[in-house]
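Okay, so here's the structure we're looking at.
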Amino acid sequence: MTAKNQKDHLLNKLNRMENKIQPDLLDWTAGKVKGFYGKEFISTNNGGVKLVKITSFSKYPLHKHPEKTEYAYVIKGNVEFNIENIQYTSEAGDFFIFPSNTNHAIENNTNEECLLLIGEIKI
């Protein structure tokens, strides 16, 4: 596919997107790791955004992404983030960035469900 065709394809995809997304009408989809569920809001060739629910005492293991930068906005709960072996605690309203090739993990060590807005920007 030529660069122009890729651009046209992306523009067509963006033009078909909903202007308003109602998360309550979307189904939770089980993630790759037990205890993690998502509702995808937007997904394009260069990134995406989703709502992520983390059940109590669930952990997404240490990993990294060579092709993208991720970010997380804490909506509800007290998730723990491990970013390059530095442990961070969080509360609603906190924002975290995981640059490409940065080891990171997410863990909910509480009895409460946590909600995050997770995004990715492909580089």
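Things to note:
- Matching entry among Phe41, Phe36 (being of a type in the set (Phe, Trp, Tyr) and out of contact with any Leu (no Cβ under 9 Å at 6 or more places or on another chain)): Phe36
- The set of residues in region 85-111 being in contact (Cβ under 8 Å) with a residue 40 or more places away in the chain and either touching a Leu at 6+ places or on another chain (Cβ under 9 Å) or surrounded by fewer than 12 Cβ atoms within 10 Å (Cβ to Cβ) (or both) consists of Asn103, His104, Ala105, Ile106, Asn111.
- Hits in region 32-50 (condition: more than 15 Å from Phe96 (Cα to Cα), touching a residue at least 12 places away in the same chain (Cβ under 8 Å) and not charged (D, E, K, R)): Val33, Gly35, Phe36, Tyr37, Gly38, Phe41, Ile42, Thr44, Asn45, Asn46, Gly47, Gly48
- Applying the criterion of being of a type in the set (A, V, I, L, M) and under 15 Å from Ala105 (Cβ atoms) to the residues of region 45-73, the residue that is surrounded by the most Cβ atoms within 10 Å (Cβ to Cβ) is Ile54.
- For region 70-84, a tally of residues being over 19 Å from Ser58 (Cα atoms) and in contact with a Leu (Cβ under 6 Å, 6 or more places away or on another chain) returns 0.
- Residue within region 58-74 that is in a loop (DSSP other than H, G, I, E, B), farther than 18 Å from Glu120 by Cβ and modelled with pLDDT of 95 or more present: no
- Per the conditions (1) without any contact (Cβ under 8 Å) to a residue 60 or more places away in the chain; (2) touching a Cys at 6+ places or on another chain (Cβ under 7 Å), the sole criterion not satisfied by Ile54 is (1).
The values are calculated or read from the model by the stated rules, or taken from the named source; none is laboratory data. Since the structure is predicted, the reported quantities are computational estimates derived from the model, not experimental observations. Here the Cβ is made from the backbone with ideal geometry for all residues, glycine too, and neighbour counts use every protein chain on show.
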